[in-house]
Amino acid sequence: MRTAILGLGFTCFAALAGCGDTMGEQALLGAGAGAGTSVLLDGNVAGGALVGAAANVAYCQKYPGRCN
């Protein structure tokens, strides 16, 4: 059950966070999506924001063509 919830959470913030032109925008949008997902899953909002920001920046830096 926990794995399904984590998978759902990852899918939610990954789908929402795939944008931003600058690193700051990528971090901000990822943080918002991560925090929102944490609220929906009744998790740690600050932790979700941190993970979302880091994940979005890392993804967009690795695949810049997919984030515009």
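The values are calculated or read from the model by the stated rules, or taken from the named source; none is laboratory data. Since the model is a prediction, treat every value here as computed from it, not as a measurement. Don't worry about glycine lacking a Cβ; one is built from the backbone with ideal geometry, like all the others, and counts go over all protein chains shown.
Annotations for the structure displayed:
- Enumeration of residues in segment 1-52 that are surrounded by 14 or more Cβ atoms within 10 Å (Cβ to Cβ) and modelled with pLDDT under 70: 9, 10, 12, 13, 14, 16, 17, 18
- Residues satisfying the stated conditions in segment 40-68, i.e. more than 15 Å from residue 27 (Cβ to Cβ) and not in a helix (DSSP H, G or I): 41, 42, 43, 44, 63, 68
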